[in-house]
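Here's the structure we're looking at; comments come further down.
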């Protein structure tokens, strides 16, 4: 059974909108797709873009529609999509199995499957079913907290590149401060999420279920 989707990567031409930007322009900006991106963000599911286009042409369109800030690590260039999707997976630090890529072009989908094993892949015909699909149930995040976290990650990556790619030098100049949070219960969900994501240290290979989350909360209350 496929994993829950935590990141949805959109193609643009003939997928997010109708028409090809460099061949006749956009025929229709599909408002329903715009609304899907916003709703997914409110469910804590992140959106990105992988499109063969010129960013100087694409970004003004997304910005004018008020949707640009809902996409993280947008990849807009003429390079092969397989390579860029593999790079995106590394940047967002998610497992390919929790990421879905949607593209109308079967060649792009085949390339993505070969470059990123485990990646969930669908054609544009799947879009109308996204919000009802159980993989996109997500978790209520009306404040867009998760989106904000990934936007911060995106800024950090841009700053790192601007620093010349020297990660150690970048971290030193970032002047990061670490604080210890003693209010365990209010941060329990986030702690469990981080534990679940540390697959390299999870020798049991067992993931925390909602039942174990509830038991953990109960144990915390008993200790307090």
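The values are calculated or read from the model by the stated rules, or taken from the named source; none is laboratory data. Everything numeric here is computed off the predicted structure, so don't read it as measured data. Every residue, glycine among them, receives a Cβ derived from its backbone with ideal geometry; neighbour counts consider all protein chains shown.
Could you please give the count of residues in the range 112-132 that are outside any helix (DSSP H, G or I), loosely packed, with under 13 Cβ neighbours inside 10 Å and in contact (Cβ under 8 Å) with a residue 24 or more places away in the chain? The qualifying residues number 0. When the test is whether a residue is in the same structural domain as residue 119 (by TED's automatic domain parsing), part of a loop (DSSP other than H, G, I, E, B) and more than 18 Å from residue 101 (Cα to Cα), residue 66 passes it.
Of all residues assigned to the range 125-132, at least one qualifies as being touching a strand residue (DSSP E or B) at 6+ places or on another chain (Cβ under 7 Å) and on the phi < 0 side of the Ramachandran plot. Of the residues 41, 51, the single one that is over 21 Å from residue 131 (Cα atoms) and crowded, with 20+ Cβ neighbours inside 10 Å is 51. Does residue 109 meet the test of being in contact with a strand residue (DSSP E or B) (Cβ under 6 Å, 6 or more places away or on another chain) and over 12 Å from residue 8 (Cα atoms)? Here the answer is yes, as residue 109 does meet what is asked.
Considering the range 33-47 alone, what residues qualify as being free of Cβ contacts under 8 Å to residues at least 60 places away in the same chain, out of contact with any helix residue (DSSP H, G or I) (no Cβ under 6 Å at 6 or more places or on another chain) and within 19 Å of residue 123 (Cα to Cα)?
34, 35
Among the candidates 146, 177, 172, 135, the residue that is loosely packed, with under 13 Cβ neighbours inside 10 Å and either touching a residue at least 12 places away in the same chain (Cβ under 8 Å) or part of a loop (DSSP other than H, G, I, E, B) (or both) is uniquely 177. Within the range 70-91, the residues that satisfy the criterion of being touching a helix residue (DSSP H, G or I) at 6+ places or on another chain (Cβ under 7 Å) and part of a helix (DSSP H, G or I) are 70, 81, 82, 83, 85, 86, 89, 91.
Number of residues in the range 97-108 that are within 17 Å of residue 80 (Cβ to Cβ) and under 18 Å from the mean Cα position of the chain (by Cα) equals 2.
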